[in-house]
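Remarks on the structure that follows.
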Amino acid sequence: MKKKLNLQTTTLWDYPSQQYLKSEEDKHKHYIGATPAYIIWNLLQRYTKEKDLVVDPMCGSGTTIDVARDLNRRALGYDINPKALERKDIFKADARKIPIEDEKVDFVFIDPPYSTHINYSEEKNCIGKLSAKDDEYYNAMDNVISEINRIMKKDRYMALYVSDSYEKGYPLMPIGFRLFESLNKYFIPIDIISVVRHNKDLNKGNYHLAAIDNNFYLRGFNYLFIMYKKGNRTIDKNGKLNLRQL
């Protein structure tokens, strides 16, 4: 049974659980780093219509394609390590070289690795093996964002979901700001959403005590950057270009 869903209307999103389908919730209990399905549901309701092609080039456990199909969208999922859940509908590909022709996709969602906090795979080219302390990570992600731009149709939308990173003994790694710089090279920003994190570690009192004792902050939110690929839309009679209309 589906839970009641509502479109978010502010730039602060919070969800009681990861998933809105019971079957999805059970499956994702065993997959680290699964994207909350509520986020994808909201995005697809606003920025796609039925039969649109939705692509996730870092598909992980497949939440994006599951939600897209539930909403009667076409979906393709790629991952550098598609064996994680032994799904035959997630295809092996490096997000820096997506096997899709130019300007074929209506919407792209991506939830990339946030530095090296999670070991996603043993693939030597996995971006999750690159530390956000180094430019190599940001260069790799710029290549991914360039690929997303290539495969997207004009006048369409994409979204990137990411968190900053902190490691004891190192300065803050503002991954969100750095990736937003790359996004702005290719796209026009529509909005920036803050999504409250419900990481199970945030419920552990010792983590909060350590944050106080060592004077640091736990990551309490993720960025959700919603971007638009400029195309051929004409200016309306009032001299405005409405980027939010499909």
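Let me check I've understood the local charge: for Q8, count other residues with C-beta under 12 angstrom from its C-beta, Lys and Arg +1, Asp and Glu -1. What total comes out? Value of the local net charge: -1.
Listed here are the pairs K97/K229; K129/K168; K88/K185; K49/K153; which of them are more than 25 Å apart at the Cα?
On the way: K97/K229 19 Å; K129/K168 18 Å; K88/K185 34 Å; K49/K153 14 Å.
Exceeds cut-off: K88/K185.
Distance between the pseudo-spin-label points of F91 and N72 (7 Å out from Cα toward the beta carbon): 2.5 nm.
Each residue of the range 51-68 was assigned a 3J(HN,Hα) from its phi angle through the Karplus curve 6.51 cos²θ - 1.76 cosθ + 1.60 (θ = phi - 60°); the sequence is 6, 4, 9, 10, 10, 10, x, 10, 6, x, 7, x, 4, 4, 6, 5, 5, 4 Hz, with glycine and proline shown as x. Zone of T10 (label point 7 Å along Cα→Cβ, backbone N under 18 Å): which residues in the range 212-230? Flagged as within label range: 220-224.
Under a Cβ-Cβ cut-off of 12 Å, what is the net charge of the residues other than E167 that fall near it, where Lys and Arg count +1 and Asp and Glu count -1? Overall, the nearby charge balance is +2. What shape does the range 132-175 take by its C-alpha gyration tensor, where a ≥ b ≥ c are the square roots of the eigenvalues and a/c under 1.5 counts as rounded, a/b above b/c as prolate, and the rest as oblate? Verdict is oblate for the range 132-175. Report the local net charge at N143: Lys and Arg +1, Asp and Glu -1, summed over other residues whose C-beta lies under 13 Å from its C-beta. Taking every other residue near N143 into account, the sum is -1.
Let's test the formula: R0 of 35 Å, r as the Cβ-Cβ distance of R150 and L172. What FRET efficiency results, to the nearest 0.05? Please report the intermediate quantities before stating the final value.
Details: r = 32 Å, r/R0 = 0.90.
Result of the calculation: an efficiency of 0.65.
Between Q45 and K230, the simple spin-label model (points 7 angstrom out along Cα→Cβ) gives 3.2 nm. With both labels modelled 7 Å from their Cα along Cα-to-Cβ, the D135 to E181 distance reads 1.0 nm.
Coordinate-derived values only; no laboratory data. From a predicted model like this one, the values you see are computed outputs, not experimental measurements. With ideal geometry, Cβ positions are generated from the backbone for all residues, glycine too; neighbour counts draw on all protein chains shown.
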